[in-house]
Amino acid sequence: MKLWTLLLFFVLTLQAEILQVRQLFNFKTVTVEKRVSAETKTYYGKTAVDESRVRDVALRFDAFVTRLYADKKFMKVQKGDPLFRLYAKEVVSLTEELAISAKLSASALRNARRKLRLLGVPRLAAQKKAVESFDYFAPSDGYIISKKINEGSFAKRGERLMQLADFSRLWVIADVYQKDIAVLHEGMPAKIKVEGYPEVKGRVGFLYPTVDTAKETVPVRIVIDKNDKLFPGLFARVKIALRQKEQLILPKTALLQKGDKLYVFVPEGAGTFSPRQIKARRIDSRHFAVLEGLKEGDKVVDKALFLLDSDALTNGLYESDEEDEDW
């Protein structure tokens, strides 16, 4: 309570141009530094399946599904897991031919096995007996993202029965402002944050040659090469360092903003500080690049917001717009 009483007394004694500090508080200053820094931009998008990791499950023969093991969408399967059991007259006939060929000659056996391999059932080709039905196995690891059959379904030759997608590598399709596209290129590193999950690393994979005219954005593919938790359809925030260049840098805590104007407090000697309007541009969540009003080596007050009070505005410490009362 005493601190706030002192602060109120302090503000009421401000002059219009110079802020008297006089050892009442021990303010820290920061120095304007020239650094090589990256301008980081944030974009928003959604995670998506890597199209190169999608596998269709289709038969090279007509068949009936007599049993369905993979009976749920988004069920995870491993390569070699049985997906369903089939009866296919064409395949059953070839296994009977295979059993007979095994007793006739090596060439007849090789020919029967080749036919079964061409039909996409190499496990049947490896044996020498006839079967009445047989299991069909997953061709790759993944999640079942599409399923068009049930037990008892008729599966037509060439028809897609299922789709498997491997989520170990994902995409993020981010909406990038058209003005930023010129400095993006494939391979640029990116950081992806999905709410509720740890931040992951990615890279720019592709700039789509299309524009969303309503949002004035271009879709950009960000590739997450190693993923073990995320899945398609999640909202994501993407950070990309667009360019690196030498700039005058100040922490955001040293600046005060009123409307579209930015101010800093500059030491004037004898424990006094004066406000100075500058031009600066935010380059990331914690720093600004100084464009005008300060030079390398200048010192300004850190945590400048502590010096601000509504009475300071009343006393004319800053230029005031009557219509804009919000800092």
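Values quoted throughout were computed directly from the atomic coordinates according to the rules given, and no laboratory measurement underlies them. Just so it is clear, the model here is predicted, and its values are computed rather than measured. Quick reminder, even Gly has a Cβ in these numbers, built from the backbone with ideal geometry, and neighbours come from all protein chains shown.
Taking only the C-alpha atoms of region 225-294, Rg followed by Dmax gives 18.4, 61 Å. Hey, if you put +1 on the Cβ of every Lys and Arg and -1 on every Asp and Glu Cβ in region 52-165, which of 130, 65, 109 ends up farthest toward the positive end of that dipole? Sorting the options by dipole projection puts first 109. Which of 79/115; 79/193; 201/258; 191/261 have a Cα-Cα distance over 27 Å? In this structure, 79/193; 201/258; 191/261 lie more than 27 Å apart at Cα. The dipole here belongs to region 52-165: it is taken about the Cα centre, uses +1 on the Cβ of Lys and Arg and -1 on the Cβ of Asp and Glu, and is about 320 debye. Expressed as a fraction of 2.2 N^0.38 Å, the value expected for a compact globular protein of N residues, the C-alpha radius of gyration of region 112-168 is 1.34.
How much length would be gained if the chain were fully extended between residue 36 and residue 66, taking 0.36 nm per residue of separation minus their Cα-Cα distance, in nm to one decimal? Don't skip to the answer; put the middle values down first.
Details: separation 30, 0.36 × 30 = 10.80 nm, distance 6.65 nm.
This chain segment gains 4.2 nm when fully extended.
Segment residue 211..residue 157, full-extension length gain: 15.5 nm, with 0.36 nm per residue of separation and the alpha-carbon distance subtracted. Among 250, 294, the order by Cβ neighbours within 10 angstrom, fewest to most, reads 294, 250.
Shape summary: region 88-136 maps onto an equivalent ellipsoid whose semi-axes, from the alpha-carbon gyration tensor, are 16, 11, 8 Å in decreasing order.
Extension gain for residue 51 to residue 117 (0.36 nm times residue separation, less C-alpha to C-alpha distance): 21.1 nm.
What FRET efficiency, computed as 1/(1 + (r/R0)^6) with R0 = 51 Å and r the Cβ-Cβ distance, is obtained for residue 183 and residue 78, rounded to the nearest 0.05? Don't skip to the end; give the middle numbers.
Values: r = 42 Å, r/R0 = 0.83.
Computed FRET efficiency for residue 183 and residue 78: 0.75.
Could you calculate the FRET efficiency of residue 126 with residue 193 from 1/(1 + (r/R0)^6), where r is the beta carbon distance between them and R0 is 56 Å, rounded to 0.05? Before the final figure, lay out each step's value.
Details: r = 49 Å, r/R0 = 0.87.
Computed FRET efficiency for residue 126 and residue 193: 0.70.
Can you compute the FRET efficiency between residue 169 and residue 133 using 1/(1 + (r/R0)^6), with r the Cβ-Cβ distance and R0 = 56 Å? Round to the nearest 0.05. The formula returns an efficiency of 0.95 here.
Looking at region 205-251, which trypsin sites (Lys or Arg not before Pro) are DSSP coil and have at most 16 other C-beta atoms within 10 Å of their C-beta? Let's see the in-between values first.
Working: sites: 215, 221, 226, 229, 237, 239, 243, 245; in loops: 215, 226, 229.
Within region 205-251, the qualifying trypsin sites (Lys or Arg not before Pro) (loop, at most 16 other Cβ atoms within 10 Å) are 215, 226, 229.
Quick one: compute a quarter of the convex hull surface over the Cα atoms of region 52-165 and quote it in nm².
Values: hull surface 26.8 nm².
Over every viewing direction, the Cα hull of region 52-165 projects on average to 6.7 nm².
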